[in-house]
1. Expected output is a single nm value to one decimal: the length gained when fully extending between Val144 and Lys156, i.e. 0.36 nm times separation in residues minus the C-alpha distance. What is it?
2. Lys and Arg at +1, Asp and Glu at -1: add these up for the other residues within a Cβ distance under 13 Å of Tyr218 and post the number.
3. Given labels modelled 7 Å from the Cα in the Cβ direction, how far is it in nm from Lys102 to Thr123?
4. Please go through the residue pairs Lys174/Lys215; Lys77/Lys109; Lys102/Lys156; Lys114/Lys168; Lys127/Lys156; Lys66/Lys188 and name each one whose alpha carbons sit more than 23 Å apart in this structure.
5. Each label point is 7 Å from the Cα along the Cα-to-Cβ direction; what then is the distance between the points at Gln130 and Thr88, in nm?
Amino acid sequence: MKKYITYIFLITVFASCKKTDIVPEVAKGATGVTTGTNTGTNTGSNSGTDGGSNTDTSIPAAGTVKLDITDQIVTTKVSDNTLYLNYTETVNLILNADDYQKSSAVHFKEDFSKSGLANFDFTTVNKDNQVATNYLDDNLNNVVIKSASTSTVNGKQLTKLVLERAIKFSKAYKQQDLAIEAQNDILKQTTDVISFSSYYYMNGKNTDPTSATAKVVYNK
């Protein structure tokens, strides 16, 4: 009986560590990360979301995650006395395919402290379809990935993970006029940025993180 319980436990542990399935792509020469049927492409230096043309041919160094991020769009809305800031986090992570396969996990973190988003509570739906409040899981093994694919660039096999995660920020005010005033204030912000970082957990330790920042664009 004890051996049976141990066997079930091991199955559960290994299942939770499963990385996203990879879909092969057809490389278009050696000009960069190709799109194939995948919808997330690299659109330039520190800027990449679905649907752009690839101009950045750099390959991440061993043990390093390359972050490809464009401006992050936040849509504002007032309902009754509550201001909502609806944000879909959109990021491409470019990885050495060998590193990705050897790693136990890829971690991805965001820092809202240099934006008005830091003043709001937020909710998101996790991989188990549960609502999480003020918490974003940074282990991508536990996060729904929009797509994962491979391509070959200059003879090097790369893996691209496209992450899109809906995050709803909100704050209730005493009356609707105050919520509208707060909305107008945040729409004026043009210098807000979000900082991102990513690293592998590999061979029993974390690799050095890479980082990037992206401008926040608020709209109505």
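None of the figures in this text is laboratory data; all of them are computed from the coordinates on show. Treat the numbers as computed from the prediction; the structure is a model and nothing was measured. Every residue, glycine among them, receives a Cβ derived from its backbone with ideal geometry; neighbour counts consider all protein chains shown.
1. Residue separation times 0.36 nm, minus the Cα-Cα distance, leaves 1.7 nm.
2. Combined, the nearby Lys, Arg, Asp and Glu give +1.
3. 4.3
4. Listed pairs above 23 Å: Lys174/Lys215; Lys77/Lys109; Lys127/Lys156; Lys66/Lys188.
5. Reported label-point gap for Gln130 and Thr88 is 2.6 nm.
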